[in-house]
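Asks: My structure is below; once you've seen it, I'll send some questions.
The values are calculated or read from the model by the stated rules, or taken from the named source; none is laboratory data. This structure is a prediction, so every number in the text was calculated from the model and none was measured. So basically every Cβ, Gly included, is an ideal-geometry build from the backbone, and we count neighbours across all protein chains shown. Areas reflect the complete protein model, heavy atoms only, side chains present, ligands, DNA and RNA absent. Shrake-Rupley method; radii C 1.70, N 1.55, O 1.52, S 1.80 Å.
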Amino acid sequence: MHVKDLLSLKGKVIVVTGGSGLYGKCLVEGLAEADGTVITTSRNLASAEKTASEFGSKGLQVHPMVLDQGFTDSVENFRKELWERFGRLDAFVNNAVSRPMKGYRAPIAAFEESMRVNATGMVDLLREMTDLIIKTGGGSVINISSMMGMKGPDLSNYEGTDMGDLPPDYFFHNAGLINLTRYMAKMHAGKNIRFNCISPGGLFNHQPQAFLDNYCRKVPLRRMANPDDIKGLAVLLASDAGAYINGENILMDGGLNA
Ligand SMILES: NC(=O)c1ccc[n+]([C@@H]2O[C@H](COP(=O)([O-])OP(=O)(O)OC[C@H]3O[C@@H](n4cnc5c(N)ncnc54)[C@H](O)[C@@H]3O)[C@@H](O)[C@H]2O)c1
C-alpha cells in the first residue's frame with residue numbers, strides 16, 4: 001500500500017479525551033487533518049463544542065461529546081452514545097488529565113481525587129474503549145503519559161521560578177500508564193488491537209523566562225515542544241502505517257533525556 005494511504009485516517013473514528021486541553025487540541029487537530037473523524041471530549045459540552053467548531057470552521061471533522069472519566073455513569077453514557085452515533089471506534093487517545101494536587105504537601109485527599117480520575121476512571125474508560133475497538137474489528141489505543149512518568153524531576157529547571165513544588169500524583173500515574181500500556185498489549189493479544197504510549201516533554205505555554213532558559217539549555221533542539229510536534233506521531237500510531245508498533249512507549253522530548 002502507498003505510504004500516504006497507510007497514514008490516512010479516512011473512515012476511522014477516533015476519540016480524544018481532554019481535547020480542549022494543551023496537548024489535546026494538537027492531537028485533535030492532527031488526527032482530523034489526516035482525515036480522521038475525531039470526537040473531542042470535555043467534561044462540559046460548551047468547551048467541547050468550542051473546540052469542535054474551531055476545527056470545523058477549517059473543514060475538519062470534529063465532533064464534541066461530554067465525558068467525565070471520574071464517574072462510572074458518565075463513562076457508561078459516553079460509551080453508549082458513542083456507539084449509537086458512530087457505530088465503530090478505530091482509535092482511542094487517552095489524553096485527559098486531572099491536576100487537583102498542587103504540591104508535595106498538598107492534602108492527601110487531593111491525591112485521592114487525582115487517583116479517582118487519573119487511575120480508577122482512566123482504567124474504567126480504557127476498558128470500555130478497548131471493548132469498542134475490538135467490537136469494530138481492531139484498531140489502536142494511544143496513551144498519553146509524560147517524560148515525568150519515566151524519571152524523577154529535574155529541579156534545576158525551576159531555579160528562579162516558583163514552579164518547583166511538584167506534586168507526586170503526576171509522577172505516579174504517568175509511570176503507571178506506561179506499564180499499563182504493555183499490560184494491555186499482552187492481555188489483548190490476538191484481537192488485532194495495538195496499545196502504545198507517547199511520553200512527551202514540556203509543551204511551550206508561555207512559561208516564565210527563567211524556566212524556559214533552564215529547560216531549553218538542556219534540550220539538544222534548544223526549545224520546548226510546539227503544537228505540531230505530537231501530531232505526526234499520533235497519526236502514525238493511529239494509522240495502518242503503525243500497524244506493527246505495539247506495546248511501545250515513545251519518548252518525545254527533543255532529546256532532553258537522550
Ligand atoms: N502540557 C505539557 O507540557 C505536557 C507534558 C508532558 C505530558 N503531558 C501529558 O499530556 C496530556 C494532556 O496534558 P495537558 O497539559 O494538555 O493537560 P491540560 O490540563 O491542558 O488538559 C487536560 C484535559 O483533561 C480534561 N479533564 C480533566 N479532568 C477530567 C475528567 N475528570 N474527565 C475528563 N476529562 C478531564 C481537562 O478538562 C482538560 O481538557 C496528559 O496526559 C499529560 O500528562 C503534558
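Asks: Mind pulling the angle between the C-alpha long axis of helix 22-33 and the longest principal axis of the chain? Nearest 10 degrees, somewhere in 0 to 90.
Replies: Helix 22-33 sits at roughly 30 degrees to that axis.
Asks: Determine the share of the chain's accessible area contributed by carbon and sulfur atoms, expressed in whole percent, with a 1.4 angstrom probe.
Replies: On the way: 6730 of 12450 Å².
Here it works out to 54 percent.
Asks: When DSSP assigns beta bridges and you keep just the ones with both residues in the chain, what percent turn out antiparallel, to the nearest 5? Could you put the intermediate results ahead of the total?
Replies: Values: 0 of 28 bridges.
So the antiparallel bridges amount to about 0 percent of the total.
Asks: Here's something else I'd like to know. Please give every one of the aspartates and glutamates within straight-line cross-link reach of LYS135, meaning a C-alpha to C-alpha distance under 14 Å, and leave out same-chain neighbours fewer than 8 residues apart.
Replies: Straight-distance partners of LYS135: GLU84, ASP90.
Asks: For the chain, take the longest principal axis of its alpha carbons; what is the angle in degrees between that and the long axis of helix 72-86, to the nearest 10 within 0 to 90?
Replies: So the helix axis and the longest Cα principal axis differ by about 40 degrees.
Asks: Moving to a separate point now. First check a/c for the chain, with a ≥ b ≥ c the square roots of the eigenvalues of its C-alpha gyration tensor; if it is under 1.5, answer rounded, and if not, answer prolate when a/b is larger than b/c or oblate otherwise. Each step should come with its number before you reach the end.
Replies: Details: a/c = 1.55, a/b = 1.36, b/c = 1.14.
Here the chain falls in the prolate category.
Asks: Given a 1.4 angstrom probe, what's the average accessible area per residue across the stretch 3-252, in square angstrom?
Replies: Values: 11900 Å² over 250 residues.
Computed with neighbouring chains in place, this is 48 Å² per residue.
Asks: Which aspartates and glutamates does LYS25 reach when only Cα atoms under 16 Å apart count, and residues fewer than 8 places away in its own chain are ignored?
Replies: List returned: GLU33, ASP35, GLU49, GLU54, ASP228, ASP229.
Asks: Per the helix-only calculation at 222 nm, which mean residue ellipticity applies to the chain, given -39500 (n - 2.57) for every DSSP H run of n ≥ 4 and division by its residues, nearest 500 deg cm²/dmol? Let's see the in-between values first.
Replies: Numbers: 9 runs with 105 residues, N = 258.
Counting only the DSSP helices, I get -12500 deg cm²/dmol.
Asks: Please give every one of the lysines within straight-line cross-link reach of LYS151, meaning a C-alpha to C-alpha distance under 18 Å, and leave out same-chain neighbours fewer than 8 residues apart.
Replies: Cross-link targets: LYS218.
Asks: Looking at the square roots a ≥ b ≥ c of the eigenvalues of the Cα gyration tensor of the stretch 1-145, which shape do they give, rounded for a/c under 1.5, prolate if a/b is larger than b/c, or oblate?
Replies: Details: a/c = 1.85, a/b = 1.58, b/c = 1.17.
Here the stretch 1-145 falls in the prolate category.
Asks: Label points 7 Å out from Cα along the Cβ direction at LYS135 and ALA189: separation in nm?
Replies: A separation of 2.7 nm, rounded to one decimal place.
Asks: Right, something else. In degrees, nearest 10, range 0 to 90: what is the angle between the Cα axis of helix 45-56 and the longest Cα principal axis of the chain?
Replies: In the chain, helix 45-56 runs at an angle near 80 degrees to the longest axis.
Asks: Let me ask you something else. What nm value, rounded to one decimal, do you get for the distance between LEU155 and LYS102 when each label is placed 7 Å out toward the C-beta?
Replies: That separation, rounded to one decimal, is 2.1 nm.
Asks: Of GLY36, GLY232, GLY152, which is the most mobile in a GNM of the chain whose springs link Cα atoms less than 10 angstrom apart?
Replies: Checking each option, the largest mean-square fluctuation is seen for GLY152.
Asks: Which residues in the stretch 229-251 place their backbone N less than 15 Å from a point set 7 Å from the Cα of VAL3 along the Cα-to-Cβ direction?
Replies: 232-233, 236-237, 240-243
Asks: Mind giving me the nanometre distance, one decimal, between the label points for ASP162 and GLU76, set 7 Å out from Cα along Cα→Cβ?
Replies: In this crude spin-label approximation the distance works out to 4.4 nm.
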